[in-house]
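Please treat every number below as a calculation from the coordinates, not as lab data. Being a predicted model, the structure only gives us computed values, none of them experimental.
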C-alpha cells in the first residue's frame, strides 16, 4: 500500500489507476462491477436480500481476482475502502465510455 495518505479523492484516483495498469485486472474489475449491478437489479426486482450478497461477492470478488492473479498487488480496498469503492465506479464509467481501455 502507498506510504502516502490521500486527503481527497482527486489525489487518490491517479494513484488508484497506477494500481490497475494490467488490462486483465481492469477487465476483472469491469466484469465484477457489471455482475454487482446485475445483482442489485435482481434485488430491486425481487426484494430478495440474497441478491445484495451476490452483488457484494461478485463485485469485490472480480476486483480481488484481478489484483491477486493479474496485477499482483494488494487491492486498494484494504487501505482506502471508501475512496476505492468510489474509484471503482469512476474507473468502470471510464471503461464503459471508452476513456480508459479495458
Value at 222 nm in deg cm²/dmol, rounded to 500, when DSSP H runs of n ≥ 4 in the chain each add -39,500 (n - 2.57): -21500 deg cm²/dmol
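Can you give the convex hull volume per residue for the Cα atoms of the chain, as a whole number of Å³?
94 Å³
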One-quarter of the Cα convex hull surface for segment 21-72, in nm²? 2.9 nm²
